[in-house]
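Nothing in this text is a laboratory measurement; each read-out follows from the coordinates by a stated rule. None of the values given here were measured: they were computed from a predicted structure. Here the Cβ positions follow ideal geometry from the backbone for every residue, glycine too, while neighbour counts run over all protein chains shown.
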Amino acid sequence: MLTEYYAHPTCTPSRAALMTGRYAHNTGLPFPLIGKPVGGLSPEIPVMPEILKDMGYATHMVGKWHLGHSKKSFTPTRRGFDSFFGLHGGGFDHYSKSIGTCTDLWRGESHVPNVNHTEHATTLFTNEAIEVIRQHHHDSTTQPLFLYLAYTAPHDPLQADAEYVQQCSHIPHRTRRMFCAMMRYYLSST
């Protein structure tokens, strides 16, 4: 039974709390990082993947980071993850993987310029996570695995494949219908 305050209402604070085990206001990130933020989660604050890595885990991340990227020291592979595939920011177009004219998709510390524009980010991240698990099983059956999979759904913009929108067609309000479709998408991928 959860009897305490466990989550924050927005993305960055929730991620900061999860990764550090601290309330977000004790990490310096009590609000979402938006636009082109210069801040991020301080390298002075230990995070879960760093601790698990010290305990012998293979650590991998797929999906939404949103804890800062203006300095390399803020990025996932500098914060204890052996690998990272996903976006640094808060959200993007789920098909083009872009914010405005810029693609925000990364593998490690390298920008991924060419992406499949017909595949929803939820499918892309699910397939990548499956591949991380397969590769880990192939490489090592004794080393424990920590995989942090952080989907962008149901973050705006509200976009989903037609089959999921159809499954929610009984909802008259467009925004709620699209939110439902993104949750159906997410639930079918997990």
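For this structure, a couple of remarks:
- With respect to the chain, whose longest principal axis is taken over its alpha-carbon atoms, helix 11-20 is tilted by about 30°.
- Candidates HIS173, HIS120, HIS137, ranked by Gaussian network fluctuation over the chain, Cα under 10 Å, top entry: HIS173
- Cleavage-rule hits, GluC sites (Glu not before Pro), the stretch 112-145, DSSP coil, Cβ neighbours within 10 Å at most 15: GLU119
- Applied to the stretch 163-180, the Karplus parametrisation 6.51 cos²θ - 1.76 cosθ + 1.60 on θ = phi - 60° returns per-residue 3J(HN,Hα) values of 4, 7, 5, 4, 5, 10, 5, 6, 8, x, 6, 4, 4, 5, 5, 5, 4, 4 Hz, with x for Gly and Pro.
- Amide H contacts of VAL62 (H built 1.01 Å from N, in plane; Pro and chain starts excluded): PHE85, TYR148, LEU149, ALA150 sit under 5 Å, all sequence-distant by 5 or more or on other chains.
- Dimensions of the stretch 39-149 based on its C-alpha atoms, expressed as ranges along the principal axes with the largest first, amount to 41, 34, 18 Å.
- Counting only residues at least eight positions apart within a chain, or on another chain, the aspartates and glutamates with an alpha carbon under 13 Å from that of LYS36 are ASP104.
- Unit Cα scatterers, Debye sum, the chain: log10 I(q)/I(0) for q = 0.12 Å⁻¹: -0.62
- For the stretch 1-94, GluC sites (Glu not before Pro) meeting the loop criterion (DSSP other than H, G, I, E, B) and having at most 10 other Cβ atoms within 10 Å: GLU4, GLU44.
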